[in-house]
Amino acid sequence: MPPEEGCDASVILESTTGKQDAERDSLANNPSLRGFEVIYEAKAELEAQCPQTVSCADILAFAARDSVCKLGGISYNVPSGRRDGRVSLIEEANQNLPPPFFDAKQLEDNFARKGLSLDEMVTLSGAHSIGVSHCSSFSTRLYTFNATHPQDPSMDPIFARDLKTKCPQNATRILNDPTVPLDVVTPNRLDINYYNNLKKHHGLLTSDQTLLSSPSTAEIVRNNARDGAAWAKKFAAAMVKMGYIEVLTGSQGVRTFSILVDTLCKEGMLIEAEEVFDVMIQRGIEPNIVTYNSLLDGYCLQNKMNDAIKLFKMMVEMGCSPDVFSYNILINGYCKSKRIDEAMCLFHEISNNKMIPDVVTYSILIGGFCRVERPQAALELFHQMQAYGQHPNLQTYANSLPTKGLQDDVRTYPIMIKRLCQEGLIDEASELLEKMDGNGCSLDDRTYNTIIQGLLQHNETSKAMELVKIMVDKGFSAYATTVSLLVDLLSANLEDKVLQELLQ
């Protein structure tokens, strides 16, 4: 059920006036809501390790995430940064938490007030796959449903008969009020059996069974019952969304919302990320550069470049200046789409805006030119970045490896091979050497010595000796450093005929 006062942990606050006037004392929460000691223990441990850092609201959100993972195997990321509420009013719970006798329309309206859709309401109701209910919450369905039907006709008669053996007719919230599992089949497993129970008319609460009875929600129930994986994904997304309902954050809350947008984009939940972004705007919380970049990256990851450019323009109009990282995101998106000319326009725009392209910018573009088989342009960028003091990194080399043609410059090969060897990427260096030979580019003594030294330094003796023989057969000589390494091998009794011939 959606939180009554927002995600601020106000539900754990106790009444202090001698009256039962806090949320936890409402009929909706007491005595059903338990486990407060778990939150208290976690808070005490965290305070001992990092005082005044982690809120109870965050602990509750983390505990919910971990419970969902343990009981259902469903994983999702939870952003932090919530602040704790200091006010807890019983009327908030009574007004906001849906009672067990609500019908589908009432449930829909209740969840809508918290920004949750009809599908999200039905999806989150699947949480009733675990837990228990007091008999008093559904006893009217068994004994006093209405004047015509003492027993609810939407309940399976055999299921009702079994419940009557556990729930006496005189059950009240104060006396003689046993509990029964909400899901009698898998009571300790969060799964789609809840929806299968509804199809069998084994829903315990009126608010459960109404989801199958109502035309607006029946098909959602059937879909969830058919596809557990799809339901689990929707459930995770809905839990994340519910976790920022009326959340209390810092002075403006932009950090928490930005983290949430980034998390959703990385999980591929772009629609949900857009919804969070819209909520920020509606609440007057101004997105910052982190928020915009996260959503830009989300669009580019799903190849929605038109949406990305639209957001980029909005960002500028709102007075948030793009940084190099913003441009890199868009350039990468264009390069992956093989729209290299548009990527280059953004590249020139960086300089026009008095910013300096970094090694990531160049590496992305080099890969982009390789992707569209324009190796000469890639080579020009490769040399340009070095001329401007940007030293190639592993991404630069990795981007250039797949394309035939970029390596046709004999000056570039040894540089790439040497760097790969230095990073221990011997297989990649060997692959590059093979590509160079296969592309008809002549191998010189520098290239051979570079990779032989790399192989010897990483104990790839057999491969090194094979190349030594090839190098000797082609009339090339070993450099002093190479000879020194070979001598070390010889002194370690790793004698080899080829090695001896070379040293002679």
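The values are calculated or read from the model by the stated rules, or taken from the named source; none is laboratory data. None of the values given here were measured: they were computed from a predicted structure. Ideal geometry is used to build each Cβ from the backbone, glycine not excepted, and the neighbour counts take in all protein chains shown. The area values use the complete protein model at the heavy-atom level, side chains included, leaving out ligands, DNA and RNA. Shrake-Rupley method; radii C 1.70, N 1.55, O 1.52, S 1.80 Å.
Condition test on S136, is it among the small types (G, A, S) and more than 29 Å from the chain's Cα centre (by Cα)? Spelling it out, S136 is indeed among the small types (G, A, S) and more than 29 Å from the chain's Cα centre (by Cα). Reported count of residues in segment 68-79, each being modelled with pLDDT under 90 and open to solvent by less than 40 Å² (accessible area, probe 1.4 Å), is 3. Of all residues in segment 122-142, those being within 20 Å of L71 (Cα to Cα), of a type outside the set (G, A, S) and crowded, with 20+ Cβ neighbours inside 10 Å number 4.
Residue check: is A225 surrounded by 16 or more Cβ atoms within 10 Å (Cβ to Cβ) and under 32 Å from the mean Cα position of the chain (by Cα)? Yes, satisfied. Among the residues making up segment 363-381, those that are over 13 Å from Y327 (Cβ atoms), assigned to a helix (DSSP H, G or I) and open to solvent by less than 50 Å² (accessible area, probe 1.4 Å) are S363, I366, G367, G368, F369, C370, P375, A377, A378, L379, L381. Please work out if V185 is open to solvent by 70 Å² or more (accessible area, probe 1.4 Å), of a type in the set (A, V, I, L, M) and under 42 Å from the mean Cα position of the chain (by Cα). Yes, satisfied.
Within segment 333-362, the set of residues being part of a helix (DSSP H, G or I) and among the charged types (D, E, K, R) comprises K336, D341, E342, E349. Take segment 300-332 and flag every residue that is open to solvent by 20 Å² or more (accessible area, probe 1.4 Å) and assigned to a helix (DSSP H, G or I). Those that are open to solvent by 20 Å² or more (accessible area, probe 1.4 Å) and assigned to a helix (DSSP H, G or I): L301, N306, D307, I309, K310, K313, M314, V316, E317, V324, F325, N332. The lone criterion from (1) surrounded by fewer than 18 Cβ atoms within 10 Å (Cβ to Cβ); (2) in contact (Cβ under 8 Å) with a residue 12 or more places away in the chain; (3) not in a helix (DSSP H, G or I) left unmet by D152 is number (1).
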